[in-house]
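Just so it is clear, none of the values below were taken in a lab; they were calculated from the coordinates. All of these numbers come straight from a predicted model, not from anything done at the bench. Note that each Cβ is placed from the backbone with ideal geometry, even for glycine, and that neighbours are counted across all protein chains shown.
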Amino acid sequence: MDKSVNPDPWERIAQHLGVDLYLDLQPDPAGSTRGRGARRRHSLASALREAISDGRLGPGTLLPPYRSLAADVGLARGTVAAVYQELIAEGWLVARQGSGTRVADTPRPGVSAPTRSVRQTPTTDHDFGLGQPNPSLFPRADWIAATRRALTDAPDRTFGPGDPQGSERLRNSLAGYLARARGVRTDPAHIVLTTSVLRALELLSRNVFGDVLAVESHGLPFHRAAVERGGTATMPVPVDGDGAAVDRLSDEASAVLLTPSHQYPTGVPLSPSRRARVIEWAGDHDALVVEDDYDGELRYDREPVGALQALNPDVVIYTGSVSKSISPAVRIAWLVLPPRLVEVVRATKGLREPDASIIDQLVLAELIDSGAYDRHIRRSRQYYRRRRDVLTDAFAHAGVTIPGIAAGLHAVIPLPSRDEDTVFDAALRRRFALAKMSQFRHPDTSIDDSSPSGLVVGFGTPPASSYQADVRALVSLVTERV
Ligand SMILES: Cc1ncc(COP(=O)(O)O)c(C=O)c1O
């Protein structure tokens, strides 16, 4: 329907009513000598000034007409009109014939600009921060089109309380997608959707992992913290050039968390013999393997490493999310469970509702089913492959070889002849955002000369306009003589 030809009458009315205001109308202090009308007028004026100065009512915000605000706050229309006039005279508001009363664009002289309470992201000159894809790649047009289609087709029951396992439609789409793209063997009934891998780990730590979860000696500290919050202790397994040394798993552990396709953060895949070995260990010890496949789709060479889960879906819990493939702002992740664990995970999660938006889950299902998700992944792969090549070529010219497979959104820069802490401190002074390997180390890890080390950089993050210059600055940082 063309809205300009036949506008929705409710839309016109809503526009006319202006914003919906929450105003905290405080009673006038006890003992005030003002009359009742004056008191109410005073508290409305104060509430509006406060809402403007703390940023809740931003510059240009259209205020409701006198009539509707008067009805909302239980005051006479004339009182509201008088308050608006007072605030116009003071410079807080402006009124233009035919366009209502708005918050002034520029702060009043002598009044500080409204401050928002959100924390500003610290600024850096070279942003090699970890953990996110380049925000300019977010598939805005596809997301908008998929939202329109998903909502148009959704039956009314979609908008009631949802299945605690998450949208059946997305579970169907994911079961097909993960089988096709990652070799995962599953069924929609064995998938549980959550908001993130972190939440999924926290959930499993409450009832599934048992007392001790073995983790890679180097991994995300906040994932370990989430597991420990859920009541499971963590114990490190050393990581080397073949991934986690699973032949050194302790009998105490009842599960192990691995990043087999691309060890985080060292970047190496788990070797084929260790893949087989860990599945055997789980079978022999009645234990579980948790496979965090956080960037499995972002491989840039010709030999994709398939999911470990396919080797034995009865002992492997597979988890992943769209945090790397689309954006961490979306908040959708999945657990592919051995069938015997579905009930316990459902019960632990809470039987009433899912914890992620069903609407967003439908949009993701639509993206997958329409092929837009695959196109987005292919586009992203090309984009990041080029970035990865620029980085490795620049370092190769300076005589530094970047190890690890060509995958994901981060790389480890070795520092053979320099101390990690010294280079990291210099990086901070020069306003780089990046990490050092020791930040990922489990506190119980014993360290020797063969322990992983180096700087860990997210090469997806810098803006396209400065990427080459950022890489040059990074090469100088790492290779300069001190
Ligand atoms: C090792 C690892 N696992 C999982 C994830 C996905 O995290 P989440 O789904 O909690 O955002 C990331 C993303 O940054 C990661 O680096």
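Give the angle, between 0 and 90 degrees and rounded to the nearest 10, that separates the Cα long axis of helix 77-90 from the longest principal axis of the Cα atoms of the chain.
70
In whole Å, how far is the Cα centre of the range 212-235 from that of the range 138-172?
Between the Cα centre of the range 212-235 and that of the range 138-172, the gap is 33 Å.
Explain nothing, just compute: Karplus ³J(HN,Hα) = 6.51 cos²θ - 1.76 cosθ + 1.60, θ = phi - 60°, for every residue of the range 288-296 in order, whole Hz, x for Gly and Pro.
10, 10, 9, 9, 8, 9, 5, 9, x
Rounded to whole Å, give me the distance from the Cα center of the range 411-482 to that of the range 303-324.
29
Can you give the Rg/Rh ratio of the chain, where Rg is from the C-alpha atoms and Rh is the Kirkwood radius?
Answer for the chain: 1.07.
Under a 5 Å amide H to amide H cut-off, with H placed in plane at 1.01 Å, what residues pair with Asp127 once short-range neighbours are removed?
Ala433
Which stretch or stretches of the range 446-482 have amide N atoms under 14 Å from the point lying 7 Å from Ser417's Cα along the Cα→Cβ direction?
Once the point is set 7 Å along Cα→Cβ of Ser417, 478-482 turn out to lie under 14 Å by backbone N, inside the range 446-482.
Could you work out [θ]222 nm for the chain from helices alone, using -39500 (n - 2.57) per DSSP H run of at least four and dividing by all its residues? Round to the nearest 500 deg cm²/dmol.
-12000 deg cm²/dmol
What relative contact order, as a whole-number percentage, does the chain give when Cα pairs under 8 Å and 6 or more residues apart are counted?
18
With a cut-off of 18 Å, note down the residues of the range 260-295 whose backbone N falls inside the zone around a label point 7 Å from the Cα of Arg340 toward its beta carbon.
Within reach of a label on Arg340: 279-291.
Sorted from fewest to most neighbouring beta carbons within 10 Å, what does the list Tyr383, Tyr84, Tyr373 look like?
Least to most surrounded, the residues fall as Tyr383, Tyr84, Tyr373.
Ranked by Cβ crowding within 10 angstrom, fewest neighbours first, how are Asp251, Asp156 ordered?
Going from least to most buried by this count: Asp156, Asp251.
With the crude spin-label approximation of a point 7 Å out along Cα→Cβ, what separation in nm comes out for Ala469 versus Ile144?
3.1
Please give the FRET efficiency for Gln85 paired with Ala189, using the beta carbon to beta carbon distance and R0 = 60 Å, rounded to the nearest 0.05.
Efficiency, from the Cβ-Cβ distance: 0.40.
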